[in-house]
Amino acid sequence: RARARARVRAHACVLSAMAPPRGGLPEAAAAVADPAQAAQEVTELVKASLQDDWREENSHQEVLDALADLIDLHLDALGSGATQEAEEAHEAALAACLKLARNLCMGRRSVQEHWRRRGVVEKLAPRLRADLARAAGERSLPWRDAVPSFLANLVAGHAELRVHVMMALFPYGLASVFALCWHRPHLAFVLAQNLFAPGEANVGTRSPSLQQLLETPEGHVVIHLMLSLLRGEGGAEEETPAEVQAREWATIFFHSLWSQGGFPHVYRGIRRMQADTLHVFFCQAALPAGVSPDVAMLALAGLVPRLCCHGEAVGLLWHTLHGLLIGPGAGPDGEGGRGDDKPSAGRELARVLLTDEAFVCLASEEMADACSQVALRWKLPWRPEAASEEACAALGVDAAHVDVPALAAAAAEEALVGPAAAEDD
C-alpha cells in the first residue's frame, strides 16, 4: 500500500512539472492533494461540455492529454489502500473525468482515437473485473453511469474502435461493465447496440465481434446477464421509467440480433447452459485481479440473486421475439401498439425468421415439445398422425420436418441439461 501511494505521488509530481493543463482542468498535484475538490471542478466542466462550442474549443491535444493524465492518476488511486474517504473522492473525480471524456467524443473521431492511443479501455478493464468481488460492495451511481456511457460514446460510429474495445473487454470485462447497470439497464443495451450493430454498409453480415456474442458459450453468458437486466425487479403493477427505457433500447438491440439470424444459436446455447457455467464464468472474471478463488466467490454473492434462472432466461428470449413481432410500440403485454410503420418492422422480422431454416426447425421442435408436455401433464389422448406424402408435397416439406413426435423428442433431448440448471438456480 505504501508503494502504491508513493507511485500516485510520483505520478502527480511528474505531471505537475509539465505545462499546466488547459480547459479549466485541475493540476495533477492539486488532484492528488484534494481529489474531492478536483471532482467538483471537473463536474463543472462536464456541464460546460454539453455545449458544442465548448467541446469544439477544448478538443485539442493539450486538453485531451491533461484529461487522460487525470484519468490515469485517479484510476491508480483506486484500490491503493487509501482511506475510504480518499477512495470515494478519487472515484468521484474519475467518474467526472470519464463523463467529460464521453462528452468530448460526440461527433469527433479524433477524440475517440485519442482515448484508444492512451489505452483508457485497457486500464479500466482490470479495475472493473476486480470490482466484481469488491468487499465494500457496489461503487457509486455516478461511477456506474460514467463507465458504460463513456464506452458507448467511445465506439459510436467507429468500426475500428468496436473491434478494439471487444478485444480489450470480451468476455469478462464486458460482463463486468454490464454488471454495473442494474440501476439503469438501458445503459447496457445502448453500449451493446453501439458495439454490435452492423453499420449501414454491412447490414446482413455478421462481424467477428457479433459472431463471438452469438455463437460462443461466453457470449451466451453475456446475453444471459443482459436478459437478467431486462427482467426488472418484478412484482410491480406498472413498469418504472427505468424499465420502460430499458425495454425500448432492448427492442432496438434484439431486433438487430435476431435480424442477423442469431436467435437459434443463442436460444440453444442458453437452453444448454448449466448453473455452474455461470458461476465459473463470474469467478474467472474476478480472478485475474490477483485475488484468491475464495475472494472471487464474492462476485457470485452479489450477482447470483440478480441473475434470472434458466427457465426465465429461455422464456425471456421468446418474449423478445413476441415483443418485436407485435411492434416496438406495444406495451409489455402486447397491447397499445402504434399505428405507424412499426408493424412493418415486425413483418420484415417475421419474413427473415420464416426464411431461416435453423429458426423454423427450432420453432417446430419447441412447439411439438410444448404440445407433448401439455398432453403428458394432463393425460390427454393426443396422438398426432404422420403427415401424408400428398400433404408434404403440397407444402413443399419433407415428412421428417412435420413429424411431431420426432420433433418433440429432438427438443427434449436438446434440453436434457435444462431442468438441472433451473433447479440449481
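So the values come out like this:
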read-out: Selection within segment 354-410 - farther than 20 Å from G311 by Cα and among the hydroxyl-bearing types (S, T, Y); value: T355, S388
read-out: Test result for V295, out of contact with any helix residue (DSSP H, G or I) (no Cβ under 6 Å at 6 or more places or on another chain), modelled with pLDDT under 80, crowded, with 18+ Cβ neighbours inside 10 Å and farther than 23 Å from L214 by Cα; value: no
read-out: Residues satisfying the stated conditions in segment 73-86, i.e. outside any loop (DSSP other than H, G, I, E, B) and free of Cβ contacts under 8 Å to residues at least 12 places away in the same chain; value: E85
read-out: Among the residues listed as A387, A368, the single one being out of contact with any Lys or Arg (no Cβ under 7 Å at 6 or more places or on another chain) and either assigned to a helix (DSSP H, G or I) or open to solvent by 60 Å² or more (accessible area, probe 1.4 Å) (or both); value: A368
read-out: Pick from segment 129-139, criterion part of a helix (DSSP H, G or I) and under 17 Å from the mean Cα position of the chain (by Cα), ranking: surrounded by the fewest Cβ atoms within 10 Å (Cβ to Cβ); value: D131
read-out: Any pair with Cβ under 8 angstrom, 6 or more apart, that starts in segment 13-37 at a residue that is over 16 Å from A95 (Cβ atoms) and ends at one that is at pLDDT below 90 and polar (S, T, N, Q); value: E27/S16; A28/S16; A29/S16
read-out: Residue that is surrounded by the most Cβ atoms within 10 Å (Cβ to Cβ), among those in segment 30-72 that are assigned to a loop (DSSP other than H, G, I, E, B) and within 30 Å of the chain's Cα centre (by Cα); value: S49
read-out: Count of residues meeting criterion [touching a residue at least 40 places away in the same chain (Cβ under 8 Å) and assigned to a helix (DSSP H, G or I)] in segment 349-359; value: 5
read-out: Matching option when the condition is over 30 Å from K123 (Cα atoms) and modelled with pLDDT of 90 or more, among R231, R271; value: R271
read-out: Options L180, L161; residue that is in a helix (DSSP H, G or I) and either under 24 Å from A242 (Cα atoms) or open to solvent by less than 10 Å² (accessible area, probe 1.4 Å) (or both); value: L161
read-out: Filter pass, W143 being more than 30 Å from H279 (Cα to Cα), assigned to a helix (DSSP H, G or I) and aromatic (F, W, Y); value: no
read-out: Positions within segment 101-128 being open to solvent by 10 Å² or more (accessible area, probe 1.4 Å) and outside any helix (DSSP H, G or I), in sequence order; value: M106, G107, R108, R118, G119
read-out: Condition check for G119: without any contact (Cβ under 8 Å) to a residue 40 or more places away in the chain, of a type outside the set (D, E) and closer than 24 Å to A39 by Cα; value: yes
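One line per residue, one yes/no per condition, for (1) more than 26 Å from H90 (Cβ to Cβ); (2) out of contact with any Pro (no Cβ under 7 Å at 6 or more places or on another chain); (3) surrounded by fewer than 19 Cβ atoms within 10 Å (Cβ to Cβ):
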position	(1), (2), (3)
L141	no, yes, yes
R144	no, yes, no
L169	no, yes, no
S176	no, yes, no
H186	yes, yes, no
L195	yes, yes, no
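The values are calculated or read from the model by the stated rules, or taken from the named source; none is laboratory data. Keep in mind it's a predicted model, so treat the numbers as computed, not measured. Every residue, glycine among them, receives a Cβ derived from its backbone with ideal geometry; neighbour counts consider all protein chains shown. Accessible surface is based on the protein model in full, side chains and every heavy atom, while ligands, DNA and RNA are left aside. Shrake-Rupley method; radii C 1.70, N 1.55, O 1.52, S 1.80 Å.
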